[in-house]
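**Q** Here it is: the structure, laid out below.
Laboratory data are not the source of any read-out in this text; all were calculated from the coordinates shown. No experiment lies behind these values; they were computed from the predicted model shown. So basically every Cβ, Gly included, is an ideal-geometry build from the backbone, and we count neighbours across all protein chains shown.
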Amino acid sequence: MISSIVGTTAGVICAVRRGKWLDTTVTVLANLGITTPSFWFGILLIYLFALKLRWLPVCGYTSPFENFMLSTKQVLMPVFCLCLIPIASLARQARSSMLEVVRQDYIRTAWAKGLRERIIIIRHALKNGLIPVVTLLGMQVRNIFGGAVLIETVFNIPGIGRLMVQAAFGQDYQVVQAGVLVLAVVVMLSNLLVDLSYGWLDPRIRYG
């Protein structure tokens, strides 16, 4: 949710303000975010916020039902590491897709009619520009459940990805099969939601 909101918003703003200082800054940060290894970034966060500043705990996981404040502090750094690459990739994708949409004839017609910029972007350009972004979001859902092995290892979090890796090394094939089944169901449901969202974003797909 954080990466989809922040990344999409940043990409749309960059497309609308193309060539300005904000576009250049966000584009550079997005390129750095894509190339930065998440586990290395997590180690840097631990060194800064846990060891030096002592604002957050080093690692571990506590249920929010047991200690909500401790749980919130423990998930801040892992969530930020997990959001880094999705925010960067979504910002790049949203920017490129929005740049294609704003060059369309109906957008120029909306400008010629004297509509406000906010109405043109939100009502006319955003929906069509979100189709590639939604596709990328659907592909990233599986990473939340099974692709965070490195983050779970760095921060000592008992996640499903780490569980499957440990089960594979321990030759516990029943756990591996169960994990693969869960991930397969998650991928199928996310792909279904993505396909259904296409019709809402672009009515031409629904009628076609």
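**Q** For segment 46-63, take each phi angle, set θ = phi - 60°, evaluate the Karplus expression 6.51 cos²θ - 1.76 cosθ + 1.60, and give the result in whole Hz per residue in order, putting x for glycine and proline.
**A** For segment 46-63, the Karplus-derived couplings read 4, 4, 7, 8, 9, 8, 7, 7, 6, 8, 10, x, 5, 7, x, 9, 10, 5 Hz, x marking Gly and Pro.
**Q** Right, here's the next one. Residue by residue through segment 75-85, which ³J(HN,Hα) values in whole Hz follow from phi under the Karplus form 6.51 cos²θ - 1.76 cosθ + 1.60 (θ = phi - 60°), with glycine and proline marked x?
**A** Ordered by residue, 3J(HN,Hα) equals 8, 4, 5, x, 5, 5, 5, 5, 7, 4, 5 Hz.
**Q** Spelling out what I want: for every residue of segment 185-201, take phi, set θ = phi - 60°, compute 6.51 cos²θ - 1.76 cosθ + 1.60 (Karplus), and round to whole Hz; glycine and proline get x.
**A** Those phi angles translate into 5, 4, 5, 5, 5, 5, 5, 5, 5, 5, 5, 5, 5, 4, x, 6, 6 Hz.
**Q** On the Cα set of segment 35-95, report Rg and Dmax in Å, please.
**A** Values for segment 35-95 (Cα only, Rg and Dmax): 13.5, 42 Å.
**Q** Which residue fluctuates most in the GNM of the chain (Cα springs below 10 Å): GLY170, GLY33, GLY60?
**A** GLY170
**Q** Please report CYS59, CYS81 as a ranked list, fewest other C-beta atoms within 10 angstrom at the top and most at the bottom.
**A** Lowest count first: CYS59, CYS81.
**Q** Can you put MET77, MET188 in order, fewest other beta carbons within 10 Å first?
**A** Values: MET77 25, MET188 10.
Ordered from fewest to most neighbouring Cβ atoms within 10 Å, MET77, MET188 come out as MET188, MET77.
**Q** Would you order ARG162, ARG95 from fewest to most other beta-carbon atoms within 10 Å of each residue's own beta-carbon? Provide the component values of the computation, followed by the final result.
**A** Values: ARG162 18, ARG95 25.
So the residues, fewest neighbours to most, are ARG162, ARG95.
**Q** Most mobile of PRO78, PRO86, PRO57 per a Gaussian network model of the chain (Cα springs, under 10 Å)?
**A** For the chain, modelled as a Gaussian network with Cα springs under 10 Å, the answer is PRO57.
**Q** In a Gaussian network model over the chain where Cα atoms closer than 10 Å are linked, find which of ARG18, ARG92, ARG123 has the largest mean-square fluctuation.
**A** Looking only at ARG18, ARG92, ARG123, the biggest GNM fluctuation is shown by ARG123.
**Q** For the chain, what does -39500 (n - 2.57) per DSSP helix run (n ≥ 4), summed and divided by total residues, give at 222 nm, in deg cm²/dmol to the nearest 500?
**A** Theoretical 222 nm ellipticity from helices: -24000 deg cm²/dmol.
**Q** Now a separate question. Looking at the chain, how many pairs of lysines come closer than 26 Å at the Cα, when each pair is eight or more places apart or spans two chains?
**A** Working: LYS20/LYS113; LYS20/LYS127; LYS52/LYS73; LYS113/LYS127.
For the chain, the number of qualifying lysine pairs is 4.
**Q** Report the net charge of residues surrounding VAL28, where surrounding means a beta-carbon distance below 14 angstrom and charges are Lys +1, Arg +1, Asp -1, Glu -1.
**A** +2
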